[in-house]
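Beneath this line is the structure, given in structure tokens, with notes to follow.
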Amino acid sequence: MAGILSVIHSGFTPPISDIAMRFRIRPFVAAPFALVVLSVWGCKPAGSGAAAANAPAMPPANGPAVQAESMEKAGEYLTVVAGCNDCHTEDWSKSEGKIPPADRMAGMKVGFRGPWGTVYGKNLRIIVQRMSEDRWVKVLTTADSGDGKPPMPWWNTAQMSERDLRAMYRYVKSLGPKQNGVPRGLPAGKEPTTPYYSLEPKQPGQGQ
């Protein structure tokens, strides 16, 4: 630019083609810079921004674990495939699993009787309101400190990853509390006053 001004001040007017050539360089100089800016702007990582920041993250697992869009979704899946609803959701088997989430995990009024007494599928939605997540994990990995009774498969939950156990807790808690009037368990030898399943093996000819 300084060269053009000095030529004009000297009284010499260069041909139009020379001036055009000097100014014609500018777009070609600016173009690479614009491409660089656009390239940097356009190469932002996919999913960046508010949407990614608000997406619920699955915490790392200490072993094989279910992967889902949230801990609650993973927990819902686990309670179904692990058979939790069979004992903790009224009429789950009778309906072939067609119980809406709003009515799940509130316990059963039908007992399970065996040599240990009679137990009932507990109302987990009430239990998680007063039980911490850490306590939930401990109960399911230690058979409730050795006090857990069948038919709860304590030996299976003890082998689950901690993340899966926490996912189940968060799912059950997300359902909110729901009262269902689940009876208390009974010791061995005491006759239940509710319907129950007999889980004690019988030899042929012993009757029902």
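The values are calculated or read from the model by the stated rules, or taken from the named source; none is laboratory data. Values in this document were obtained by computation on a predicted structure and should not be read as measured data. Backbone-built Cβ (ideal geometry, glycine too); neighbour counts: all protein chains shown.
When the test is whether a residue is crowded, with 16+ Cβ neighbours inside 10 Å and β-branched (Val, Ile, Thr), residue 141 does not pass it. Please verify whether segment 187-199 includes one or more residues that are assigned by TED's automatic domain parsing to the domain that holds residue 141, part of a helix (DSSP H, G or I) and among the acidic types (Asp, Glu). Checked segment 187-199: no residue is assigned by TED's automatic domain parsing to the domain that holds residue 141, part of a helix (DSSP H, G or I) and among the acidic types (Asp, Glu). Of all the numbered requirements in (1) within 25 Å of residue 77 (Cα to Cα); (2) in contact with a Pro (Cβ under 9 Å, 6 or more places away or on another chain); (3) in contact (Cβ under 8 Å) with a residue 60 or more places away in the chain, residue 183 misses one, and that requirement is (1). Within this structure, residue 114 fails the test of being over 17 Å from residue 165 (Cα atoms) and at pLDDT below 95.
Pairing each residue of segment 157-170 that is under 14 Å from residue 67 (Cβ atoms) with any residue that is modelled with pLDDT of 95 or more and of a type in the set (S, T, N, Q), provided the two are 6+ apart or on different chains, yields C-beta distances under 9 Å for 167/70. Only helices (runs of 4 or more DSSP H) whose full extent lies in segment 52-144 are considered here, and the ones with at least 2 residues that are out of contact with any strand residue (DSSP E or B) (no Cβ under 9 Å at 6 or more places or on another chain), of a type in the set (Asp, Glu) and without any contact (Cβ under 8 Å) to a residue 60 or more places away in the chain are 133-141. Considered as a group, the residues in segment 80-111 that are hydrophobic (A, V, I, L, M, F, W, C) and surrounded by 22 or more Cβ atoms within 10 Å (Cβ to Cβ) include one that is nearest to residue 160 (Cα to Cα), and that residue is 84. Within segment 128-165, the set of residues being aliphatic (A, V, I, L, M) and closer than 18 Å to residue 88 by Cα comprises 128, 131, 137, 139, 140, 143, 152, 165.
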